[in-house]
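Take a look at this one; I'll ask things after.
The values are calculated or read from the model by the stated rules, or taken from the named source; none is laboratory data. Remember, it's a predicted structure, so these values are computed and weren't measured experimentally. Cβ sites come from the backbone with ideal geometry, for glycine too, and all protein chains shown count toward neighbours. For accessibility, only protein heavy atoms count, side chains too; no ligands or nucleic acids. Shrake-Rupley method; radii C 1.70, N 1.55, O 1.52, S 1.80 Å.
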Amino acid sequence: MKEFAIYTGLRAALFAVCFAVLWFALNNWLNVFPLLLLALIVSSILSIFVLRAARDRLAGKIETRATKISTRLEQARTAEDDD
């Protein structure tokens, strides 16, 4: 769960930085809503490259948990078949 919180926090921080940069650069030309959309698009693209390590750690943790759950279910099915 720690990896999820870290990755989510990093995504939010990246979005905030993108919004702040765009706000100061384009404040006179665009309203807030288009700036939010543009910041969302830019931060999504940047997160693919910038947050790769955090995303890989999160994916590894999810895969480990899924494997444990799958193993437990398989053991339960086997035990049920043996009875």
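Leaving out ligands, DNA and RNA, what percent of the accessible area of the chain is carbon and sulfur, probe 1.4 Å?
The nonpolar share, carbon plus sulfur, comes to 66 percent.
Let's see if you can work this out: charge +1 on each Lys and Arg Cβ, -1 on each Asp and Glu Cβ, no other charges. What is the dipole magnitude of the stretch 1-65 about its Cα centre, in debye to the nearest 20?
Approximately 220 debye in magnitude.
Calculate, in nm to one decimal, what ILE41 and TRP23 gain on full extension: separation in residues at 0.36 nm each, minus their alpha carbon distance.
5.1 nm
Leaving out ligands and nucleic acids, and using a 1.4 Å probe, what accessible area per residue does the chain come to in Å²?
79
Does anyone have the angle between helix 52-82 and the longest principal axis of the chain? Alpha-carbon axes, 0 to 90°, nearest 10?
With both axes taken from Cα atoms, the answer is about 20 degrees.
If I fit a long axis through the Cα atoms of helix 2-26 and take the longest principal axis of the Cα atoms of the chain, what angle between them do I get, 0 to 90°, rounded to 10?
10
Convert each backbone phi in the stretch 39-51 into a coupling constant with the Karplus relation 6.51 cos²θ - 1.76 cosθ + 1.60 (shift: θ = phi - 60°), then list the ³J(HN,Hα) values in order as whole Hz, x for Gly and Pro.
5, 5, 5, 5, 5, 5, 5, 5, 5, 4, 9, 6, 9
Put +1 on the Cβ of each Lys and Arg and -1 on the Cβ of each Asp and Glu in the stretch 1-75; which of ILE41, ASN27, THR64 then has its Cα farthest toward the positive end of the dipole?
So the residue furthest toward the plus end is THR64.
Specify which labelled value, from (i) 7.1; (ii) 5.1; (iii) 8.1, agrees with mean projected area of the Cα convex hull in nm² derived from the coordinates of the model shown.
(i)
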